[in-house]
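Student: Input: one structure, supplied below.
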Amino acid sequence: MLEDAWGAMVDLQKEGKVRWIGVSNFSAEQMDRTSKVAPITSLQAALFDDSKKIEESVLPFCESHGVGVIFLRADGVGTFDRGDDEGAGRGFACG
């Protein structure tokens, strides 16, 4: 399912409907699975209580695969908040 969703994002990029695609709050394992379909340009990650996990597994993956990282603070500064929880969680980003 994850691979299918990433493949759909890649198709949108190839069709010129979006310029860049990236992932949000993915683990190293999820990025590994996704990158087998197509390279990941960037990861948007929130720094919460699990920042040690990010430092130990996610950042090394990003460094070794050339993935750019954009960090958000745990208080939500820097997020596109609609004022509800509908947009929260993991997902893909395009633009």
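The values are calculated or read from the model by the stated rules, or taken from the named source; none is laboratory data. Fair warning: this is a prediction, and the values are worked out from it, not measured in the lab. Cβ coordinates were reconstructed from backbone atoms using ideal geometry, including for glycine residues, and neighbour counts include every protein chain displayed.
Student: Is it the case that segment 31-38 has a residue that's in a helix (DSSP H, G or I) and hydroxyl-bearing (Ser, Thr, Tyr)? Please lay out each step first, then the result.
Tutor: Step one: filter segment 31-38 for residues in a helix (DSSP H, G or I), giving 31-35.
Of the ones still in play, those that are also hydroxyl-bearing (Ser, Thr, Tyr) are 34-35.
Yes, because at least one residue in segment 31-38 is in a helix (DSSP H, G or I) and hydroxyl-bearing (Ser, Thr, Tyr).
Student: To continue, here is another question. Any residue in segment 40-54 that is exposed (fewer than 11 other Cβ atoms within 10 Å of the Cβ) and at pLDDT below 95? If you could, list the steps in order and put the result at the bottom.
Tutor: Residues of segment 40-54 exposed (fewer than 11 other Cβ atoms within 10 Å of the Cβ): 49, 52.
Next, from what is left, pick out any that are at pLDDT below 95: 49, 52.
Checked against the condition, which is being exposed (fewer than 11 other Cβ atoms within 10 Å of the Cβ) and at pLDDT below 95, segment 40-54 yields at least one hit.
Student: Being of a type in the set (S, T, N, Q), within 17 Å of Arg73 (Cα to Cα) and within 10 Å of the chain's Cα centre (by Cα) is the requirement here; does Gln44 meet it? I'd like the intermediate steps shown before the answer.
Tutor: Details: of a type in the set (S, T, N, Q): yes; within 17 Å of Arg73 (Cα to Cα): yes; within 10 Å of the chain's Cα centre (by Cα): yes.
Spelling it out, Gln44 is indeed of a type in the set (S, T, N, Q), within 17 Å of Arg73 (Cα to Cα) and within 10 Å of the chain's Cα centre (by Cα).
Student: Let me ask something else. What are the residues in segment 55-68 that are assigned to a loop (DSSP other than H, G, I, E, B) and buried (at least 18 other Cβ atoms within 10 Å of the Cβ), if any?
Tutor: Step one: filter segment 55-68 for residues assigned to a loop (DSSP other than H, G, I, E, B), giving 66-67.
Answer for segment 55-68, where residues must be assigned to a loop (DSSP other than H, G, I, E, B) and buried (at least 18 other Cβ atoms within 10 Å of the Cβ): just Val67.
Student: Something else about it: With the checklist (1) more than 11 Å from the chain's Cα centre (by Cα); (2) modelled with pLDDT under 95; (3) in a loop (DSSP other than H, G, I, E, B) in hand, flag the one item Gly89 doesn't pass.
Tutor: (1)
Student: Something else: Would a scan of segment 5-26 turn up a residue that is in a loop (DSSP other than H, G, I, E, B), surrounded by fewer than 14 Cβ atoms within 10 Å (Cβ to Cβ), on the phi > 0 side of the Ramachandran plot and of a type outside the set (A, V, I, L, M)?
Tutor: yes
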